[in-house]
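Here the structure comes first, spelled out in structure tokens, and everything after it is commentary.
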Amino acid sequence: MTMPFQPNDFQFIDPSQRVDNEQVRTSLTYWQDTWRRLKKNKMALSGLIGVFLIVLFAVFGPLFTPYGYEEQQTDFANTPLHVEVFEIADDLYVYLTPQYRLLVVEEDGTFLYRLDQTSLDFANKQFHFDYHGEDIMVDYTYKLYEDLADEGIDYSINFRGVEYKTPYDVTSNKTFVLGSDNVGRDILTRTMYGARISLTVAVIAAILVLLIGVTYGAVAGMAGGRVDELMMRFVDIIDSIPLLLYVILIMVLVENTGLNTIILTLGLVYWVGMARLVRGQVLSLKEQEYVLAARMLGVPQPLIIWRHLIPNAMGPILVAMTMMIPTAVFTESFLSFIGLGISAPQASLGTLANDALDAILTYPFQLFIPSITIAFMMLAFNFFGDGLRSALDPRLRKG
Amino acid sequence: MQKFKETLLTSLKAVRAFFENYYVRRVLSALLTIILIATVTFLMMHAIPGGPFSRERALPEEIIEALNRKYHLDDPLWKQYLDYMVGLFTFNLGPSFKRTGFDVEELIAMGFPATAKIGLMAITLIVVIGIPIGIISALRQNRPADYFVMFIATLGVTIPSFVVASVFIYVFAGLLNWVDAFGLNRPSSYIGPTLALVGYSLAFVSRLTRSSMLEVLRQDYIRTARANGLSRFKVIYKHALKNALIPVVTYIGPMIAAILTGSFVVEKVFTIPGIGKYFVQSVSDRDYTMIIGTTVFYAVLYVVMVLLVDVAYSLIDPRIRLGKKSE
């Protein structure tokens with residue numbers, strides 16, 4: 001019988017080369033683990049990037065625009081995203097706004113000033129403007145008569161006896177990148193400020209919800225018994241009709257609809273969901289051994305809640321808070337949309353959408369820009385919240 | 001004497017059993033909720049500083065007094081409250097402050113048909129489209145169809161109804177001129193409001209159905225049924241679907257809430273003469289009786305709907321009816 005190994009097959013190695021003590025996997029803390037799984041989730045990551053972008057847009061955007069949110073240039077009201085520049089003389093460029101105003105512009109489309117209208121000939125559809133004593137005539141007859149319809153144009157501009165039918169250039173709006181509203185305010189600037197207000201409302205309301213909800217839920221869960229039942233019955237009653245109705249009632253009641261009242265109202269109404277969640281968490285966590293140990297060591301109850309229960313329930317609380325932000329953004333824009341929100345001259349995204357609603361068929365971009373911003377904001381926070389939830393879900397945790 | 005005591009005891013027991021019955025408790029709590037909400041609304045409206053007739057330009061003293069007398073606002077609070085509660089249960093909600101000549105219940109009755117039509121169409125659409133979409137998506141998990149449906153559903157959950165409504169008007173009424181931009185005068189006018197109303201709930205229901213279906217399909221009894229030779233179709237529709245739909249049924253309550261509140265916006269955007277439009281208008285007009293009336297109407301409608309859903313639910317799932325009070 002031959003031995004499979006000979007003693008000479010083995011040799012001593014240097015202790016530094018030993019591998020048996022090496023840990024196969026570094027241990028991760030709760031948040032490191034969450035972050036690791038969040039990074040793998042493409043949707044959550046794009047949500048996070050979206051949140052980052054929208055915060056950047058709202059917080060730092062206004063620093064880069066030349067206008068204030070209430071700065072009006074009524075001469076340049078309701079200008080769209082694209083402008084048709086006509087060259088009617090050497091170095092004289094004009095642009096006709098959708099409101100039939102004639103503006104003198106630079107070659108690249110930057111607005112300079114508005115020309116005075118001298119006469120309106122509605123019967124013949126010819127409008128006259130005064131350019132330093134000379135007459136500019138805008139002819140709208142192309143839409144009026146059948147035989148002229150073949151030209152396929154809406155109007156022509158006549159100056160010094162020459163008729164200009166086609167624009168010299170169609171450029172983007174250089175003065176107002178995303179157009180201007182009905183009193184000549186820059187829509188981009190208004191949207192940035194609107195996003196800022198919507199975000200402020202949402203974030204502070206979410207913090208308020210966190211404070212009230214966590215306190216209420218933790219007290220109810222920790223007290224247990226009769227107190228708990230009474231406190232939760234109260235929550236049930238509040239929750240038994242749509243929360244939005246309370247918000248509307250309170251907003252009607254307070255009349256003065258500033259930023260603070262909206263935030264306060266949202267906080268005062270939406271805490272119930274958070275309270276229910278925290279109570280459930282506390283009820284299950286307080287039976288854990290470490291709580292028993294803390295209690296035996298004489299730690300007072302408030303400290304147990306603060307140091308042991310809340311940190312352990314932080315995951316679901318954080319998810320609920322992230323999800324609260326899109327809800328608050330939505331509720332705030334909803335309120336502003338039905339005329340109960342932020343009052344002028346301040347504007348949230350909902351107010352902007354509401355203001356633009358009347359002219360939706362003429363100036364749709366005024367409605368679309370704030371609407372897209374709201375949708376983007378909600379999408380980003382929802383993606384991020386969903387991702388955070390699955391990253392924190394113990395059932396999805398692998399090894 | 002002994003006999004009397006026994007009769008008393010048995011009748012007491014019967015009364016107690018009556019109140020411990022799930023349905024009785026459920027109806028009572030619904031009633032209590034309605035009374036509480038009516039009270040809270042009433043008190044809130046009466047807490048408004050200056051009363052309903054305060055304007056920027058103050059009215060003469062005598063006119064305010066006359067107005068107060070006309071609307072019984074000079075009665076003591078408890079009497080007003082009593083009158084109001086009695087009125088509530090006899091469907092008499094008092095005159096509208098701003099639309100003189102109309103009672104609140106008349107206005108509600110005028111607006112209700114339009115709101116109900118759109119709401120019912122929305123609910124039908126959610127059930128008929130949302131649930132099948134969720135099932136298909138679950139059966140095609142991680143395939144293009146699934147990704148497509150879930151992408152659309154995520155958009156649906158996040159895009160506010162007023163955006164859907166206004167984009168719809170711009171594209172189909174403005175650019176294409178296929179439908180009217182407002183009102184409910186033609187059958188095609190229902191498309192826009194219904195779409196804007198279902199957006200959120202449709203997306204939510206299909207997502208819920210999908211995830212719940214996936215959960216059920218992983219269960220052992222499904223594998224057993226397949227192993228026993230049942231067809232895939234039969235397993236899915238006879239065994240899996242029944243259990244998968246339980247979480248979906250629980251969503252009906254929030255769904256009704258979403259449709260009710262959604263109707264505010266949709267009726268405003270499409271100028272539909274429904275309750276939602278009256279409500280929004282009464283809010284901006286500060287028409288207090290109308291606000292109280294519509295709020296209570298919404299609350300009652302909602303509470304009754306949820307009650308019906310709960311009763312239906314307890315019939316489907318006996319665990320609810322027989323189980324402990326809560327938890």
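The values are calculated or read from the model by the stated rules, or taken from the named source; none is laboratory data. If you're wondering where the values come from, they're calculated on a predicted model, not measured in any experiment. Heads up, the Cβs are rebuilt from the backbone with ideal geometry, glycines too, and the neighbour counts pull from every protein chain shown.
Applying the condition of being of a type in the set (S, T, N, Q) and surrounded by 22 or more Cβ atoms within 10 Å (Cβ to Cβ) to region B:240-267 and asking which residue is farthest from the other protein chains (Cβ to nearest Cβ) yields B:S263.
Across region A:157-176, the number of residues qualifying as over 19 Å from A:T79 (Cα atoms) and part of a strand (DSSP E or B) comes to 5.
The combined condition, being buried (at least 18 other Cβ atoms within 10 Å of the Cβ) and either charged (D, E, K, R) or in contact (Cβ under 8 Å) with a residue 40 or more places away in the chain (or both), is not fulfilled by B:V164.
Against the conditions (1) under 24 Å from B:I34 (Cα atoms); (2) within 14 Å of chain B (Cβ to nearest Cβ); (3) buried (at least 21 other Cβ atoms within 10 Å of the Cβ); (4) of a type in the set (G, A, S), A:S198 satisfies every one except (1). Being in a helix (DSSP H, G or I) and under 21 Å from B:L315 (Cα atoms), is that true of even one residue in region B:191-204? No, because not a single residue in region B:191-204 is in a helix (DSSP H, G or I) and under 21 Å from B:L315 (Cα atoms). When we screen A:L210, A:L178 for residues that are closer than 19 Å to A:F368 by Cα and touching a residue at least 12 places away in the same chain (Cβ under 8 Å), the only hit is A:L178. Scanning region B:76-133 for residues that are of a type outside the set (A, V, I, L, M, F, W, C), assigned to a loop (DSSP other than H, G, I, E, B) and surrounded by 13 or more Cβ atoms within 10 Å (Cβ to Cβ) yields B:N92, B:G94, B:S96, B:K98, B:R99.
Within region A:262-279, being surrounded by fewer than 18 Cβ atoms within 10 Å (Cβ to Cβ) and away from chain B (no Cβ under 14 Å) holds for one residue alone: A:L264. For the residues B:T261, B:T224, B:T271, the requirement of being touching a residue at least 12 places away in the same chain (Cβ under 8 Å) and β-branched (V, I, T) singles out B:T271. Test B:G111 against the stated conditions and say whether it is at pLDDT 80 or above, small (G, A, S) and farther than 30 Å from B:L202 by Cβ. Judged against the criteria, B:G111 is not a match.
Of everything in region A:220-255 that is touching a residue at least 40 places away in the same chain (Cβ under 8 Å) and of a type in the set (V, I, T), the residue that is farthest from the other protein chains (Cβ to nearest Cβ) is A:V235. The combined condition, being within 30 Å of A:A223 (Cβ to Cβ), in contact (Cβ under 8 Å) with a residue 24 or more places away in the chain and assigned by TED's automatic domain parsing to the domain that holds A:I248, is not fulfilled by A:M296. Scanning region B:85-114 for residues that are of a type in the set (D, E) and under 17 Å from B:L73 (Cβ atoms) yields a single hit, B:D103. Filter region B:272-311 for residues that are crowded, with 21+ Cβ neighbours inside 10 Å and outside any helix (DSSP H, G or I); which is nearest to the other protein chains (Cβ to nearest Cβ)? That would be B:D287. Scan region A:309-334 for residues that are buried (at least 20 other Cβ atoms within 10 Å of the Cβ) and either charged (D, E, K, R) or without any contact (Cβ under 8 Å) to a residue 24 or more places away in the chain (or both) and jot them down. Selection gives A:E332 alone. When the helices (runs of 4 or more DSSP H) confined to region A:280-399 are screened for residues that are within 11 Å of chain B (Cβ to nearest Cβ), those reaching at least 3 such residues are found at A:314-337, A:349-357, A:364-392.
Answer yes if at least one residue in region B:132-140 is in contact with a Gly (Cβ under 9 Å, 6 or more places away or on another chain), closer than 22 Å to B:I191 by Cβ and in contact (Cβ under 8 Å) with a residue 24 or more places away in the chain, and no otherwise. No; the residues of region B:132-140 include none that is in contact with a Gly (Cβ under 9 Å, 6 or more places away or on another chain), closer than 22 Å to B:I191 by Cβ and in contact (Cβ under 8 Å) with a residue 24 or more places away in the chain.
Considering only region B:178-186, I want to know if a residue exists there that is crowded, with 22+ Cβ neighbours inside 10 Å, closer than 30 Å to A:L352 by Cβ, within 25 Å of the chain's Cα centre (by Cα) and within 14 Å of chain A (Cβ to nearest Cβ). Among the residues of region B:178-186, not one is crowded, with 22+ Cβ neighbours inside 10 Å, closer than 30 Å to A:L352 by Cβ, within 25 Å of the chain's Cα centre (by Cα) and within 14 Å of chain A (Cβ to nearest Cβ), which makes the answer no.
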